[in-house]
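Taken together, the values in this text are just the output of simple stated rules run on the coordinates, not laboratory data. Small disclaimer: the values here were computed from a predicted structure and weren't measured. Neighbour counts are summed over all protein chains in view; Cβ atoms, including those assigned to glycine, are modelled from backbone coordinates with ideal geometry.
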Amino acid sequence: MADLDTICTRLAAYEAAPLTATAEREAAVAIIIEQDGPALRFFLTQRARGLRRHAGQWALPGGRLDAGETPLQAALRETEEEIGLTLGSEDRIGTLDPYLTHTGFAIHPFVFWAGPRPHLTPDPVEVRRIHRFSLAHLGRPSGFEAPEGVQRLKLGAFQIHAPTAAIVGQFRAIALKGEPFDHAHMTEPDWAT
């Protein structure tokens, strides 16, 4: 398992691919790492059931860019709105490749360091619950699979699908394992539209 210094070094050395396709809409998400005792953890949210789109699905904190907003600004704003965590651009430790969904979104992922177990306050309109998962879970070889190109991630009893699983998969490969990862051939399940 990679320690924080190794994760930061690998992410600093990684040059995210530019967005090469024209996206109808752009969004940004945050992979947030915290220290919890000796363990490093990251957050996933489960979206509220009353939402019009993607209700109940697993997600990273994030959402659409507002007019005039950069992807980094959107990731920071959405993180504060959804889980009540205020981060700044100085907390960013990496940027991953944009993920293009089959619904026309380009999702820009950023990795942030939040320090020792920050207090989180989920917005009940958007977030049903927040789960903290150990980064050690991502090191398990059986955790990731991609039947028919649909990336899936198993975290305990939970199963997370692309695009979230593909973005976390790239983080795992680059930051935790020091390996290349190309999610260009990945897709989401049909019900995720």
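Peptides 94-104, 37-47 ranked from most to least packed, by the mean per-residue count of other Cβ atoms within 10 Å: 94-104, 37-47. Fewest neighbouring Cβ atoms within 10 Å first, the residues ILE107, ILE7 line up as ILE7, ILE107.
Near the amide H of ILE31, within less than 5 Å, lie the amide hydrogens of PHE110, VAL111, PHE112, all on another chain or at least 5 residues away, with H placed in the peptide plane.
The stretch between ARG132 and THR103, if pulled fully straight at 0.36 nm per residue, gains 7.6 nm over its current Cα-Cα span. Modelled spin-label separation between GLU81 and GLU15, with each label point placed 7 Å from Cα along the Cα-to-Cβ direction: 3.3 nm. Relative to the current alpha-carbon distance between ASP66 and LEU4, full extension at 0.36 nm per residue lengthens the span by 19.1 nm.
Restricting the GluC sites (Glu not before Pro) of the range 1-49 to loop positions (DSSP other than H, G, I, E, B) with no more than 11 neighbouring Cβ atoms within 10 Å leaves GLU15, GLU24. Reported to the nearest whole Å, the Cα centre-to-centre distance from the range 1-35 to the range 112-141 is 16.
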